[in-house]
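Q: Submitted below is the structure of interest, expressed as structure tokens.
The values are calculated or read from the model by the stated rules, or taken from the named source; none is laboratory data. Please read these numbers as outputs of a predicted model, since none were measured by experiment. Cβ placement follows ideal geometry from the backbone for every residue including glycine, while neighbour counts extend to all protein chains displayed. The protein model used for the area step is the full one, side chains on, heavy atoms only, and it has no ligands, DNA or RNA in it. Shrake-Rupley method; radii C 1.70, N 1.55, O 1.52, S 1.80 Å.
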Amino acid sequence: MITINYANMLSTRVGPHGLDEARIAPGSAAAEGIKSLTQSLAKTKGTNWERWYNLWQEPMRSEHVAAIKPIAKDAQKYENLVVLGIGGSALGNIALQSALNPATHNLQSSKDRSGPRVFVVDNVDPVYLDSILKVCDPKKTLFNVVSKSGETAETAAQFMIIRERLQQALGKKWASHVVAITDPEKGTMRTICDQEGITTLPVPDGVGGRFSSLSPVGLFSAACAGIDIEAMLDGAKAMDERCSNEDLHKNPAAMLALLLVEMGTRKGKPNHVMMPYCNSLYLMADWYRQLWAESLGKKFDLNNEIVFSGFTPIKALGATDQHSQVQLYREGPNDKVFMFLEVEEFDTDITIPTSADGKGIEAIEYLEGQSLATLLSAEKRATEYALLDSVRPNMTIQFPKVDAHHIGEFIALWQIATSYAGLMLNIDPYDQPAVETGKKATFGLMGREGYSEWLTKVNDALGETSHTI
Ligand code: PA5
């Protein structure tokens with residue numbers, strides 16, 4: 001079970017930079033507030049844009065698993081799985097693959113790795129896409145297009161490129177090398193799939209991109225690569241049960257949200273750094289960045305008042321960034337909260353050998369016979385202490401192990417914390433109105449019909465300048 005140690009967030013440890021224990025004590029206004037927020041969530045979860053809570057509940061859970069498994073089984077005949085998508089349609093895939101498969105998955109021989117090589121193409125950088133397509137023979141590749149709307153320019157462009165490559169390689173059978181994950185009923189991708197007979201899996205209604213990693217959006221590529229998707233859903237369900245408790249001190253998502261919102265809004269700490277001491281969790285921090293940024297960064301609250309809410313999520317890696325960022329973290333502005341991700345038991349450990357001739361060099365002899373996991377854990381504890389010494393609030397999210405169950409717990413923890421934070425900030429965590437301007441301007445610049453006014457707007461605003469050096 002994932003746990004959160006938040007002692008270093010309290011004023012008893014970091015003075016005025018922390019929260020007074022009385023503020024969150026049983027019976028406090030905050031603890032009473034959590035009761036009513038939990039009651040309110042109990043009514044709304046599973047409805048409207050909170051239908052992502054259904055992903056690990058019956059019947060949706062079994063429907064998805066049953067739909068995914070045979071297609072993922074069939075995908076084993078391919079050498080490559082190339083996932084096309086961006087934002088919420090890609091970040092969950094990337095995070096799950098990097099958390100639960102070895103970093104060298106794609107370098108292993110087909111008999112040593114679990115499933116096809118997996119590439120998640122989440123950009124339209126031509127060099128990047130070209131380099132992936134060069135090593136993925138279309139005849140040996142399954143392309144998994146993920147787009148709820150089907151209209152996202154980046155994913156649409158990628159899809160059009162691979163469609164041509166597949167048509168050239170396979171002729172009329174091209175569509176058999178595509179699995180699309182899209183809206184079950186409407187949208188551009190749905191129309192294409194229906195016309196071309198492309199196999200599809202659903203992005204269910206009421207499940208936005210950044211809340212979709214435990215839907216077929218993230219589960220399909222995970223299942224193809226041998227990840228135990230049912231264990232992941234079990235983990236999410238278990239976390240949801242813990243987070244249904246009205247008692248703040250028994251509800252990890254409510255506590256996480258409360259601590260971060262209080263720090264961000266009352267203690268001048270709007271920068272929230274996630275720092276895994278574990279390489280496989282590093283890209284999970286990218287998934288968190290989208291969830292926390294896009295959900296909470298809002299100009300208007302639900303009363304239509306201008307609030308400019310939100311916190312800046314930052315990622316760092318321990319121990320690597322101790323040699324890059326910690327100087328700033330300790331002596332720069334005290335405007336951050338640090339969230340360490342720590343793993344109790346690594347799948348593998350390596351012992352640092354003693355010197356063969358028995359003559360160690362004094363300065364590094366202390367390492368002999370110790371393990372890398374012990375060193376990493378000492379580095380984390382040392383950094384925790386160093387931050388505390390500089391009165392920098394921090395907490396530790398502890399994983400007993402990095403496995404499918406605990407990853408499911410972690411995803412649900414953050415999604416539920418995000419819904420609590422939305423309620424605390426009185427904003428809508430499920431929309432992203434500010435993303436639209438850039439999308440429309442891109443349509444205008446790329447000549448899409450009906451968007452020419454955007455071309456004019458962009459060119460007027462970004463006209464010729466002499467301020468270039
Ligand atoms: O979280 C979100 O809603 C976004 O990041 C979307 O997932 C992203 O824009 C891709 O959208 P779509 O799946 O419609 O292509």
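Q: Using a 1.4 Å probe over the heavy atoms of the protein chains, calculate the carbon and sulfur portion of the accessible area of the chain as a whole percent.
A: Percent of accessible area from carbon and sulfur atoms in the chain: 53.
Q: What FRET efficiency comes out for Thr354 versus Ala103 if R0 is 30 angstrom and r is the Cβ-Cβ distance? Round to the nearest 0.05.
A: For R0 = 30 Å, the calculated efficiency reads 0.60.
Q: So, by mean Cβ neighbours within 10 angstrom, what's the order for 167-175, 14-22 with the highest one leading?
A: 14-22, 167-175
Q: Still on this structure, please answer the following. Please arrange Ile411, Ile161 by accessible surface area, largest first, computed with a 1.4 Å probe and ligands excluded.
A: Listed by decreasing accessible area, they come as Ile161, Ile411.
Q: In addition: All other residues with a Cβ under 12 Å from the Cβ of His405 taken together, and with Lys, Arg as +1 and Asp, Glu as -1, what is their net charge?
A: -3
Q: Another question, if that's okay. Could you report the chain's accessible area per residue, 1.4 Å probe, as an integer in Å²?
A: About 47 Å² of surface per residue is accessible.
Q: At a 10 angstrom cut-off on C-beta neighbours, averaged per residue, how do the peptides 352-365, 223-236, 428-441 rank from highest to lowest?
A: Taking the mean over residues of other Cβ atoms within 10 Å, the ranking is 223-236, 428-441, 352-365.
Q: If I model a spin label as a point 7 Å beyond the Cα along the Cα-Cβ vector, how far apart are those points for Glu63 and Ala434 in nm?
A: 3.5
Q: Probe 1.4 Å, all protein chains in place: accessible area of Ile350 in Å², nearest 10?
A: That residue has around 100 Å² of solvent-accessible surface.
Q: Got a sec? Which residues in the range 132-151 would a label at Glu164 touch, if it sits 7 Å along Cα→Cβ and we count backbone N under 13 Å?
A: none
Q: Sticking with this one: Roughly how big is the range 48-227's charge dipole about its Cα centre, with Cβ charges of +1 (Lys, Arg) and -1 (Asp, Glu), in debye to the nearest 20?
A: Charge dipole, the range 48-227, about its Cα centre: 560 debye, nearest 20.
Q: Can you tell me what percent of all Cα-Cα pairs in the chain are more than 40 Å apart?
A: Tail of P(r) above 40 Å: 26 percent of Cα pairs.
Q: For a Förster distance of 30 Å, can you work out the FRET efficiency between the beta-carbons of Ser36 and Asp205, rounded to the nearest 0.05?
A: 0.60
Q: Alpha carbon centre of the range 218-241 versus the range 55-122: separation in Å?
A: Going from one Cα centre to the other spans 11 Å.
Q: Dipole size in debye (nearest 20) for the chain around its Cα centre, Lys and Arg Cβ +1, Asp and Glu Cβ -1?
A: The calculation lands at about 740 debye.
Q: Quick check: residue separation of Thr468 and Ala293 times 0.36 nm, minus the Cα distance between them. What number comes out in nm?
A: Here the segment from Thr468 to Ala293 would lengthen by 59.8 nm.
Q: Distance cut-off 31 Å, Cα to Cα: go down the list Lys139/Lys439; Lys134/Lys401; Lys380/Lys439; Lys69/Lys173 and report the pairs above it.
A: Violating the 31 Å Cα-Cα cut-off are Lys139/Lys439; Lys134/Lys401; Lys380/Lys439.
Q: Now for a different question. Which whole-Hz ³J(HN,Hα) couplings does the range 392-407 yield from phi under the Karplus relation 6.51 cos²θ - 1.76 cosθ + 1.60, θ = phi - 60°, glycine and proline marked x?
A: 9, x, 8, 9, 10, 9, 9, 9, x, 8, 8, 9, 4, 4, 6, 5
Q: Something else about it: Which of the listed residues, Leu296, His17, Ala157, is farthest toward the dipole's positive end in the chain, when Lys, Arg count +1 and Asp, Glu count -1 at the beta-carbon?
A: Farthest along the dipole direction, towards plus: Ala157.
Q: So, one more: Using R₀ = 25 Å, calculate the FRET efficiency as 1/(1 + (r/R₀)^6) where r is the Cβ-Cβ separation of Ile306 and Thr442; round to 0.05.
A: 0.40
Q: Within the set of other residues whose C-beta is less than 14 Å from the C-beta of Gln167, count the net charge using Lys and Arg as +1 and Asp and Glu as -1.
A: +3
Q: Now for a separate question. State the extension gain, in nm to one decimal, for the chain segment bounded by Thr47 and Ala22, taking 0.36 nm per residue of separation less the distance between their alpha-carbons.
A: Stretched fully, the Thr47-Ala22 segment lengthens by 5.5 nm.
Q: How far apart, in nm, are the 7 Å Cα→Cβ label points at Arg330 and Lys186?
A: Reported label-point gap for Arg330 and Lys186 is 5.6 nm.
Q: I've got another one for you. Going 7 Å from the Cα of Gln195 in the Cα-to-Cβ direction, what parts of the range 123-159 have a backbone nitrogen less than 19 Å from that spot?
A: 145-159
Q: Starting from the Cα of His323, step 7 Å along the direction of its Cβ; do the same at Lys401; then give the gap between the two resulting points in nm.
A: Using points 7 Å along Cα→Cβ, the separation is 3.1 nm.
Q: Can you report the principal axis dimensions of the range 77-119 using only the alpha carbons, biggest first, rounded to whole angstrom?
A: For the range 77-119, the Cα spread along each principal axis is 32, 20, 12 Å.
Q: Net charge within 13 Å of Leu328 by Cβ-Cβ distance, Lys/Arg positive one each and Asp/Glu negative one each, not counting Leu328 itself?
A: So the environment of Leu328 carries a net charge of 0.
Q: Eigenvalues of the Cα gyration tensor times 5, then square-rooted: what semi-axes does that give for the range 48-227, in whole angstrom, largest first?
A: Listed largest to smallest, the semi-axes of the range 48-227 are 23, 19, 15 Å.
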